[in-house]
Amino acid sequence: MSAPSTQPELTARGLTRAFPHPDGPLPVLKGVDLDVAAGELVTVSGRSGSGKSALFALLCGFDRPDSGTVTVRGRVVDSAPPWRDCAVLPQALGLSAELTLAENVALPLRLSGDSADVDARVADVLGELGIGALGDRYPGEVSYGQQQRAALARAAVGRPAVLLADEPTAHLDHGSIPAVLGLLRRVADTGTAVLVATHHDQVHTIADRRLALVEGRIAA
Ligand SMILES: Nc1ncnc2c1ncn2[C@@H]1O[C@H](COP(=O)(O)OP(=O)(O)O)[C@@H](O)[C@H]1O
Ligand SMILES: [Mg+2]
């Protein structure tokens, strides 16, 4: 009988990425290693411009590293994995302006053919995030913080294996933060590997492990 797999859901090994700059290539990531296991919630802090969003773009396959490897569920990421394997709350949100909040949140379920109880599941997650009354509104009709919660709902609704949340509290009023932190923690507790980039100290209170991105590398 083989031993149970202990492979983390998300791994990064030796990731490097430089960006063009007038003074020559700007090395932003200089060898990033990290692991996130199923059921674990890990936070990554780092000053603005330290490369958190650049790292997340590599982890979800939106961008390619100059060197190094990302795996999701043991498979090397060479293009964006299916959303049910790795779902993302990008810093720029990326909601479709043509769809209501509820339609945006339903999209990953409909695209993956996971269409059982879509309306109820969408309503549940919107309600959990305190925007249950806004499902019929378009992104342009709600605040940026409400859009951000809808984008988090879209990432969480399909119970992905890996959830990446880039600055999930950046645009929220203080009253909305507990619901967002509660959802992230619940998603991890149901088995998802959750990685959160943040510079809000309050977010670290829900972390199992806390990392920092310093000078292009991960410091514990
Ligand atoms: N696509 C890009 N092209 C050029 N420079 C970039 C690009 N993405 C990020 N950078 C640069 O990389 C650095 C890190 O940016 P970012 O990852 O957004 O930091 P953080 O999310 O930690 O605030 C910044 O200096 C930024 O200007
Ligand atoms: Mg960022």
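The values are calculated or read from the model by the stated rules, or taken from the named source; none is laboratory data. Source: prediction; values computed, not measured. Here the Cβ is made from the backbone with ideal geometry for all residues, glycine too, and neighbour counts use every protein chain on show. These accessible areas exclude ligands, DNA and RNA; they are computed on the full protein's heavy atoms, side chains included. Shrake-Rupley method; radii C 1.70, N 1.55, O 1.52, S 1.80 Å.
Structure notes:
- Test result for Gly94, near ligand 1 (Cβ under 9 Å from one of its atoms) and closer than 26 Å to His200 by Cα: no
- Options Leu29, Leu41, Leu59; residue that is on the phi < 0 side of the Ramachandran plot, buried (at least 19 other Cβ atoms within 10 Å of the Cβ) and in contact with a Ser or Thr (Cβ under 6 Å, 6 or more places away or on another chain): Leu29
- When residues of the stretch 162-180 are limited to those that are open to solvent by 10 Å² or more (accessible area, probe 1.4 Å) and among the hydrophobic types (A, V, I, L, M, F, W, C), the one farthest from ligand 2 (Cβ to nearest atom): Ala179
- Whichever residue in the stretch 90-149 is within 16 Å of ligand 2 (Cβ to nearest atom) and open to solvent by less than 50 Å² (accessible area, probe 1.4 Å) and, among such residues, is farthest from Lys52 (Cα to Cα): Gln148
Yes/no per residue for (1) under 15 Å from Phe19 (Cβ atoms); (2) at pLDDT below 95; (3) touching a strand residue (DSSP E or B) at 6+ places or on another chain (Cβ under 6 Å):
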| residue | (1), (2), (3) |
| --- | --- |
| Ser53 | yes, no, yes |
| Ala57 | yes, no, no |
| Asp63 | yes, no, no |
| Val72 | no, no, yes |
| Ser79 | no, yes, no |
| Ala87 | no, no, yes |
| Gln91 | no, yes, yes |
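- Only a single criterion out of (1) over 17 Å from Thr192 (Cα atoms); (2) within 16 Å of ligand 2 (Cβ to nearest atom); (3) buried (at least 19 other Cβ atoms within 10 Å of the Cβ) is not satisfied by Val77, namely (2).
- Flag if Thr205 is more than 16 Å from ligand 2 (Cβ to nearest atom), in contact with a Pro (Cβ under 7 Å, 6 or more places away or on another chain), of a type in the set (Val, Ile, Thr) and more than 17 Å from Leu101 (Cα to Cα): no
- The stretch 181-210 residues that are in contact (Cβ under 8 Å) with a residue 40 or more places away in the chain, paired with ones that are of a type in the set (Phe, Trp, Tyr) and open to solvent by less than 30 Å² (accessible area, probe 1.4 Å) (beta carbon under 8 Å, 6 or more apart): Leu195/Phe56; Ala197/Phe56
- Sub-8 Å Cβ pairs linking a first residue in the stretch 7-21 that is under 26 Å from Ala38 (Cα atoms) to a second residue that is open to solvent by 60 Å² or more (accessible area, probe 1.4 Å) and outside any loop (DSSP other than H, G, I, E, B), at least 6 apart or interchain, are Ala12/Asp33; Arg13/Asp33; Gly14/Asp33; Leu15/Asp33; Thr16/Pro27; Thr16/Lys30, ordered by first then second residue.
- Number of residues in the stretch 8-60 that are away from ligand 2 (no atom under 16 Å from the Cβ), small (Gly, Ala, Ser) and either in a strand (DSSP E or B) or within 19 Å of Glu167 (Cα to Cα) (or both) equals 4.
- Long-range neighbours under 6 Å by Cβ, at least six apart or interchain, first residue of a type in the set (S, T, N, Q) within the stretch 35-62, second within 13 Å of ligand 2 (Cβ to nearest atom) and open to solvent by less than 20 Å² (accessible area, probe 1.4 Å): Thr43/Val196; Thr43/Thr198; Ser50/Leu213; Ser53/Asp166
- Within the stretch 44-56, tally of residues that are open to solvent by 60 Å² or more (accessible area, probe 1.4 Å) and more than 9 Å from ligand 1 (Cβ to nearest atom): 0
- Among the residues listed as Val196, Val214, the single one being open to solvent by 40 Å² or more (accessible area, probe 1.4 Å), among the β-branched types (Val, Ile, Thr) and within 16 Å of ligand 1 (Cβ to nearest atom): Val214
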